[in-house]
Amino acid sequence: ALTALIKKWVPPSLHHNQPQKKKTYSMEAVRAAITNRELINYYQPKVVVATGEVAGVETLVRWQHSDDGLVTPDQFIAVAEAHDLINDLTCLVLTNALAQARVWHQAGLMFRVAVNVSMDNLTSLDFQDLVVNLVTQAGVPPQKVVLEVTESQLMGDTRIPLEILTRLRLKRFRLSIDDFGTGHSSLAQLRDIPFDELKIDQSFVHRAWADETLRAMYDASLALARQLNMEVVAEGVQDQDDWKLVRETGCNLAQGYFISGPLLADDFLDWMKDWQK
Ligand code: C2E
Ligand code: CA
Ligand code: CA
Ligand code: CA
């Protein structure tokens, strides 16, 4: 079943409606995309390595652009961050993700749903209220909501962001540190924020079985997460050998093209049927 899946799944870069060239969009265009709800959520599974069971999904936003096709987040997130649109964007993505979580939960699929949060979301305590209100309105337990924060953004004066994250943690949201190994968060920050999950960046996972340096970083990240009682996610599991490595090292969760790329919610259940075969 696995090999069939790998053949079937086409990397996003090969999709025909993918824009040929990366471009940067204007603030006005990105604002209109948010207002007109042209941003749609894709979901990538996070699976339990030991059992293959689906633990949750990560929400990855795309812009369904009328001329340019499916635009990836690297072409508009930074624009939203620079022009004070990121709260509206995160709010839209989270609202849609919570509505989807509710559908899955009502169908008995108790997935966790992860949403990427930008450091620019974490500048005011209002963000905490916003998130709490959305989750309450949607009727999704906060334990099922994971907030992923990229490690490289955790630098400079992080007092307010850390305060907001800590408050959300007290409200039972799950916190995840993303792209671990590529930033320079201090060990003190890891000590001070109660992260539940650590995601080893894909650059230390894919082909780590073939490269001693990568392997050392992968092992060190895994050991640190374990010592701190965090769940570990290996990102960028792209082939059979990567999958073998995460199994043999006892990593908790895995994510990557070998398992599945990001999917529309409508395709998710079909994928699950194949995966669990
Ligand atoms: P990320 O959070 O680290 O997400 C993982 C990225 O790696 C995604 O790219 C995903 O499609 C891709 N990926 C998944 N599996 C594999 C694999 O096996 N190999 C490789 N090479 N790549 C894989 P995507 O969707 O283009 O997103 C890029 C980044 O944009 C994300 O990185 C995240 O930082 C940001 N992003 C995505 N959605 C949102 C959002 O709603 N809000 C914010 N603030 N940022 C977002
Ligand atoms: Ca992420
Ligand atoms: Ca990541
Ligand atoms: Ca990333």
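The values are calculated or read from the model by the stated rules, or taken from the named source; none is laboratory data. Fair warning: this is a prediction, and the values are worked out from it, not measured in the lab. All Cβ positions, even for glycine, are placed from backbone atoms using ideal geometry, and neighbour counts span all protein chains on display. Heads up: the accessible areas ignore ligands, DNA and RNA and are worked out on the full protein's heavy atoms, side chains in. Shrake-Rupley method; radii C 1.70, N 1.55, O 1.52, S 1.80 Å.
Structure notes:
- Average silhouette area of the chain, convex hull of alpha-carbon atoms, in square nanometres: 14.5 nm²
- Split the accessible area of the chain by element, probe 1.4 Å, and carbon with sulfur accounts for 51%.
- Distance between the modelled labels on Gln143 and Ala32, one decimal in nanometres: 4.6 nm (7 Å Cα→Cβ projection).
- Using θ = phi - 60° in the Karplus curve 6.51 cos²θ - 1.76 cosθ + 1.60, the 3J(HN,Hα) couplings for segment 57-62 round to 9, 9, 7, 10, 7, 9 Hz; x is entered for Gly and Pro.
- With 10 Å bins beginning at zero, the pair-distance distribution over Cα atoms of segment 144-239 amounts to 16, 49, 27, 7, 0 %.
- Most mobile listed residue (Ser118, Ser26, Ser260) in the chain, GNM with C-alpha springs under 10 Å: Ser26
- Entry comment: accessible area of segment 71-177 is 43 Å² per residue, from protein heavy atoms only and a probe of 1.4 Å.
- Mean-position separation - Cα centroids, segment 184-226 and segment 84-156, in angstrom: 24 Å
- Relative contact order %, the chain, counting alpha carbon pairs below 8 Å whose residues are six or more apart: 19 percent
- Top of Leu39, Leu224, Leu89 by mean-square fluctuation, Gaussian network on the chain, Cα under 10 Å: Leu224
- Taking amide H atoms as placed 1.01 Å from N in the peptide plane, the amide H of Glu231 lies under 5 Å from those of Glu197, Leu198, each 5 or more residues away in sequence or on another chain.
- Convex hull volume per residue, computed on the Cα atoms of segment 218-267, equals 78 Å³.
- Taking every DSSP bridge with both residues inside segment 78-187, close to 0 percent are antiparallel.
- Of all DSSP beta bridges in the chain, antiparallel share, percent nearest 5: 40 percent
- Annotated for the chain: lysine pairs at least 8 residues apart or interchain, Cα distance under 21 Å, count 17.
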